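Presented below is the structure to which this report refers.
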Amino acid sequence: ERCLRLNHDLLIFPSGNYGKFSLEDTVCGGMMIDLLLRKGHGSIRLSDAGLSARILYQKFENRLPEALHLSSHGKYLVSIGLGEDLPYCARTDITDLVPVFRDGVIRADR
């Protein structure tokens, strides 16, 4: 909602893992895109990558823990005994904090 209020161009870059594609990051980026499109007013343009991320999110929308279990990093977490953390990591809408990058630092804002 804050992004929509700012009315500026927005770039969403799922970070990935060491420069490689990351399923969980892309699904999360797709979730943000989906939310912006549902709540947005006016024109929102998507690249093919953005469209793909949204489609991937829609596939897992009601099964986010499953997406984490399928991802390579999720499998790694399971292998080191942290698989029970995945449902916790898949929770959404639990805070109203927004990360803001300013002056070389990321800070939480509302």
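The values are calculated or read from the model by the stated rules, or taken from the named source; none is laboratory data. Not measured: the values here are computed from a predicted model. Please note: Cβ atoms are built from the backbone with ideal geometry, for glycine as well, and neighbour counts cover all protein chains shown.
Can you pull out every residue in region 50-81 that is among the hydroxyl-bearing types (Ser, Thr, Tyr) and within 23 Å of Ile12 (Cα to Cα)?
Those that are among the hydroxyl-bearing types (Ser, Thr, Tyr) and within 23 Å of Ile12 (Cα to Cα): Ser52, Tyr57, Ser71, Ser72.
Is there a residue in region 37-48 that is surrounded by fewer than 16 Cβ atoms within 10 Å (Cβ to Cβ), of a type in the set (A, V, I, L, M, F, W, C), at pLDDT below 95 and closer than 19 Å to Ser72 by Cα?
No, because not a single residue in region 37-48 is surrounded by fewer than 16 Cβ atoms within 10 Å (Cβ to Cβ), of a type in the set (A, V, I, L, M, F, W, C), at pLDDT below 95 and closer than 19 Å to Ser72 by Cα.
Determine, yes or no, whether Leu56 is among the hydrophobic types (A, V, I, L, M, F, W, C) and either in contact with a strand residue (DSSP E or B) (Cβ under 9 Å, 6 or more places away or on another chain) or farther than 22 Å from Leu6 by Cβ (or both).
Considered against the rule, which asks whether it is among the hydrophobic types (A, V, I, L, M, F, W, C) and either in contact with a strand residue (DSSP E or B) (Cβ under 9 Å, 6 or more places away or on another chain) or farther than 22 Å from Leu6 by Cβ (or both), Leu56 comes out as yes.
All but one of (1) among the polar types (S, T, N, Q); (2) surrounded by fewer than 13 Cβ atoms within 10 Å (Cβ to Cβ); (3) in contact with a helix residue (DSSP H, G or I) (Cβ under 8 Å, 6 or more places away or on another chain) hold for Asn17, so report the exception by its number.
Single failed check for Asn17: (2).
If I ask for residues that are more than 8 Å from the chain's Cα centre (by Cα), in contact (Cβ under 8 Å) with a residue 24 or more places away in the chain and closer than 16 Å to His73 by Cα, which ones from region 6-22 would you list?
Within region 6-22, Asn17, Ser22 qualify.
Here is a check on your reading of the model: is Gly81 at pLDDT below 95 and at positive phi?
no
Which of the numbered conditions does Ser47 fail, given that it passes all the others? Conditions: (1) over 14 Å from Pro14 (Cα atoms); (2) out of contact with any helix residue (DSSP H, G or I) (no Cβ under 8 Å at 6 or more places or on another chain); (3) small (Gly, Ala, Ser).
Every condition holds for Ser47 apart from (1).
Condition first: in a loop (DSSP other than H, G, I, E, B), in contact with a strand residue (DSSP E or B) (Cβ under 7 Å, 6 or more places away or on another chain) and of a type outside the set (Gly, Ala, Ser). Can you find one or more residues in region 12-28 that meet it?
No: zero hits.
Being free of Cβ contacts under 8 Å to residues at least 40 places away in the same chain and touching a Gly at 6+ places or on another chain (Cβ under 9 Å) is true for just one of Gly74, Gly81, Gly50. Which residue is that?
Gly50
Can you tell me which residue in region 23-45 is nearest to Glu61 (Cα to Cα), limited to those that are within 11 Å of the chain's Cα centre (by Cα) and small (Gly, Ala, Ser)?
Taking the candidates together, the pick is Gly30.
Among Ala90, Ala67, which is over 24 Å from Cys3 (Cα atoms) and surrounded by 15 or more Cβ atoms within 10 Å (Cβ to Cβ)?
Going through Ala90, Ala67 in turn, the sole match is Ala67.
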